[in-house]
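Read through the structure below, which is laid out as C-alpha cells, and then see the notes.
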Amino acid sequence: MIRIVIAEDQGMMLGALGSLLNLETDFEVVGMAHNGAEAVELVKEHEPDVCVMDIEMPIKTGLDAAEELKGVDCKIIILTTFARAGYFERARKAGVRGYLLKDGPIEELVNAIRTIMEGRRIYAPELVDIAYGDDETESPLTDRESQVLTLIADGKTTKEIAGELYLTPGTVRNYISTILDKLDVGNRIEAISRFKEKGWFK
C-alpha cells in the first residue's frame with residue numbers, strides 16, 4: 001500500500017484529489033493539509049511514502065515545505081498551475097521527485113506516483129523545456145540587490161532599508177535603479193512581480 005499525504009489550500013481541490021487517489025486499490029491517503037506547515041507536520045506524524053503538494057499555499061509554500069523535508073524518507077511531488085523556471089529549479093534543489101501541472105488528467109498523477117515509487121523522477125515536459133530553454137533560471141541580481149528588493153517587497157521605505165542595511169539612502173536608490181535596469185522593469189511594483197514570477201524570492 002502506497003501511503004500519501006496531500007497538501008492543497010483549495011478545499012474543493014483537496015477533497016477531490018483525496019477521493020480520486022483513494023479509489024486506487026494500492027493507494028491510501030493518510031493525511032490532508034491546507035498549507036505547507038500542516039504538510040510538514042503530517043509527513044513527520046504519518047511517515048507517508050509520498051507527499052503531493054501545491055506550491056502557493058499560506059503560512060508555508062510547497063517549496064518551503066519541500067526544502068524543510070529534504071532528507072526525510074518521503075517522496076515529494078509538486079502539483080501546481082505554475083510552469084516557472086525559478087520554481088522548478090528550487091524544487092529540483094530540494095530533492096523533489098516529481099513536478100506536474102494541474103491541468104493534466106488524474107491518471108497522470110496516479111502513474112507518476114507509481115513510477116516515483118519505483119525510484120524514478122517525473123517532470124512535466126513543459127517544465128523541462130522552460131528550465132533548459134532560453135529562460136534564465138538564475139536571478140541576475142547580486143545577494144545585496146536581492147536583499148534590497150526583498151525589503152522593498154516587505155513594504156520598507158528607502159530610509160528604512162538604508163537603516164537596516166547600514167547604507168546611505170543615496171546608495172539604496174542606486175541599488176534600486178540597478179535592480180530596475182537588470183530586471184528590465186519600470187518601477188518597484190513591476191520588479192517585485194517579476195522577481196516573484198520567476199520564483200527568485202528565497
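The values are calculated or read from the model by the stated rules, or taken from the named source; none is laboratory data. Because the structure is predicted, anything quoted here is derived from the model rather than measured. No Cβ is skipped: glycine too gets one built from the backbone with ideal geometry, and neighbour counts run over all protein chains shown. Quick note on the areas: whole protein, heavy atoms, side chains included, nothing else; ligands and nucleic acids left out. Shrake-Rupley method; radii C 1.70, N 1.55, O 1.52, S 1.80 Å.
For the stretch 35-56, the set of residues classified as open to solvent by 60 Å² or more (accessible area, probe 1.4 Å) and either at pLDDT 95 or above or farther than 20 Å from ASP103 by Cα (or both) consists of GLU38, GLU41, LYS44, GLU45, GLU47, listed by residue number.
Does the stretch 1-15 hold any residues that are exposed (fewer than 12 other Cβ atoms within 10 Å of the Cβ) and either touching a Lys or Arg at 6+ places or on another chain (Cβ under 8 Å) or closer than 24 Å to GLU47 by Cβ (or both), and which are they?
Quick first cut of the stretch 1-15, residues exposed (fewer than 12 other Cβ atoms within 10 Å of the Cβ) only: 1, 11-12.
Result: MET1, single match.
Counting the residues of the stretch 77-112 that are polar (S, T, N, Q) and more than 10 Å from the chain's Cα centre (by Cα) gives 2. Please verify whether the stretch 66-73 includes one or more residues that are at pLDDT 90 or above and either closer than 16 Å to ILE6 by Cβ or among the aliphatic types (A, V, I, L, M) (or both). The answer is yes; a qualifying residue exists.
Could you list all residues from the stretch 16-28 that are within 22 Å of the chain's Cα centre (by Cα) and either open to solvent by 10 Å² or more (accessible area, probe 1.4 Å) or under 17 Å from ILE116 (Cα atoms) (or both)? It would help to see each step written out before you state the result.
We begin by selecting, within the stretch 16-28, every residue within 22 Å of the chain's Cα centre (by Cα); these are 16-18.
Of everything in the stretch 16-28, those that are within 22 Å of the chain's Cα centre (by Cα) and either open to solvent by 10 Å² or more (accessible area, probe 1.4 Å) or under 17 Å from ILE116 (Cα atoms) (or both) turn out to be ALA16, LEU17.
Scan the stretch 140-159 for residues that are surrounded by 15 or more Cβ atoms within 10 Å (Cβ to Cβ) and either of a type in the set (Lys, Arg) or over 14 Å from PHE195 (Cα atoms) (or both) and the total you get is 2. Within the stretch 164-202, the set of residues being open to solvent by 50 Å² or more (accessible area, probe 1.4 Å), in contact with a Lys or Arg (Cβ under 9 Å, 6 or more places away or on another chain) and not basic (Lys, Arg) comprises GLU164, PRO169, TYR175, ASP184, GLU197. Applying the selection to the stretch 67-124, what residues are assigned to a helix (DSSP H, G or I), open to solvent by less than 80 Å² (accessible area, probe 1.4 Å) and among the basic types (Lys, Arg)? ARG90, ARG114, listed by residue number. LEU63 - would you say it is crowded, with 20+ Cβ neighbours inside 10 Å, more than 20 Å from the chain's Cα centre (by Cα) and part of a helix (DSSP H, G or I)? Spelling it out, it is not the case that LEU63 is crowded, with 20+ Cβ neighbours inside 10 Å, more than 20 Å from the chain's Cα centre (by Cα) and part of a helix (DSSP H, G or I).
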